[in-house]
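Data first, discussion second: the structure below is written as structure tokens.
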Amino acid sequence: MKKVLVIEDNADNMRLIRYSLEHAGYAVLEAGTGEEGVRLALEARPSFIITDINLPNIDGFEVTKRIRESSANGSIPIIAITSHAMAGDRERILACGCTGYFEKPIDPITIVDRIHRQLEAAGCPIEEEPKG
Ligand code: MN
């Protein structure tokens, strides 16, 4: 089962993202802070990472930077979640090393498709697990 690390401090958003990803067959690792997210990214080796930008202490930009600077996870796909206020900040998000991003509010019906499209657009599609 593919592991996904979700870094999100808002419990409601975390619940929606977890539900959607688990429904699509992913195993979800949760981190409520950026520091914990960086630690889990190195320890658990997820297939990809979803990170909120607006986090306490270190934000999603710093999380991405730290993960990118680590040798173990230098090329792992990282998708940012932004609030509407950050919608014009695409350049900054991509410049800091994120693979892609999507905006809140989180729609549990479409979120997994949107994530897959971001990964494909960035040239790092998630392969289907062999059946049986
Ligand atoms: Mn947040």
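At-a-glance table
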quantity	calculated
By average C-beta atoms within 10 angstrom, highest first, the peptides 29-35, 101-107	29-35, 101-107
Per-residue [θ]222 nm for the chain (sum of -39500 (n - 2.57) over DSSP H runs n ≥ 4, rounded to 500)	-11500 deg cm²/dmol
Accessible-area composition of the stretch 4-98, carbon plus sulfur, in percent [1.4 Å probe]	48
Length added when fully stretched, Lys3-Glu91, from 0.36 nm per residue minus Cα-Cα	28.9 nm
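The values are calculated or read from the model by the stated rules, or taken from the named source; none is laboratory data. Quantities reported herein were computed from a predicted structural model and do not represent experimental measurements. Every residue, glycine among them, receives a Cβ derived from its backbone with ideal geometry; neighbour counts consider all protein chains shown. Heads up: the accessible areas ignore ligands, DNA and RNA and are worked out on the full protein's heavy atoms, side chains in. Shrake-Rupley method; radii C 1.70, N 1.55, O 1.52, S 1.80 Å.
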